[in-house]
Amino acid sequence: MMPSSEQFKEACDQLGITKEDSVVLYDTRGVLSSPRALFTFKAFGHPKAFVLNGGLPAWRTAGLSVDESQPSGEAVATGAPGVYPLPSMDPSIIRSYEQMLENIKRDPGDAELVIDARPKARFMGSAPEPWAGLPSGHMPNSVSIPFTELLTTHKYSHDTEKVSGMKCGILFGCD
């Protein structure tokens, strides 16, 4: 679920983030949740948002300093709290439940491509979902590209040959 415009603004206000700030996102596992945060910033039109390639593990591996003190809760960005303008989310990059139901009714050649980034076993329905009561399996006409196949250790894969081969073999069935 995406936050509302008001929720996004409030979070930025509390952190002292302004529309002019460069925001670098990272997480403790490499690149797990930071791309989702990047997508949210981009969806709300924040022009300078980035993911730290490799996240905190790569930062530590590079021998860079880490502050392990408890955050103060005060604004840490350049702006004073309460200055982020109310953003508009770009509706063209989000699909509703109803739009997804319509998409699966289309002929696969006319439908939008739906990529499932979960592990292959959950896509195939042979492994349980981590949330109770949620069945595994996949949407009709979707394809599986587990996000872990695009990673090399903690980093995003820059191996364009590998990614191109995945697109060709999985998405387009090339020779």
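Any read-out appearing in this document is the output of simple, stated calculations on the displayed coordinates, not a laboratory observation. This is a predicted model, so every value here is computed, not measured. Glycine also receives a Cβ, built like all others from the backbone with ideal geometry; neighbour counts cover every protein chain displayed.
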Check: So how do 94-100, 45-51 stack up, highest first, on mean other-Cβ count within 10 Å?
Finding: 45-51, 94-100
Checklist line | FRET E, pair I93, S69, Förster distance 25 Å, beta-carbon r, rounded to 0.05 | finding: 0.10
